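Please treat every number below as a calculation from the coordinates, not as lab data. The structure displayed is predicted, hence computed values, not measured ones. Glycine gets a Cβ as well: all are built from the backbone with ideal geometry, and neighbour counts include every protein chain shown.
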Amino acid sequence: MTINVGGSRSYAVRPVHSAQNQNAGNLLGQYLADDHILEEDAYYVNVIN
């Protein structure tokens, strides 16, 4: 489903498989631990592909 509510921005909504979501969470957790990023520290995420 694509949503465009009266503006120039639009986005698509799709479900994520549980295993893929858990894998992404594990990778993010490892990244945060490796780079010593603490709760409330600011950081950027650049999604490619």
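Observations on the model:
- Extension gain for the segment Ala24 to Ile48, taken as residue separation times 0.36 nm less the Cα-Cα distance, is 7.3 nm to one decimal.
- Annotation for Ala12 and Asp35: the two label points, set 7 Å from Cα along the Cα-Cβ direction, are 2.7 nm apart.
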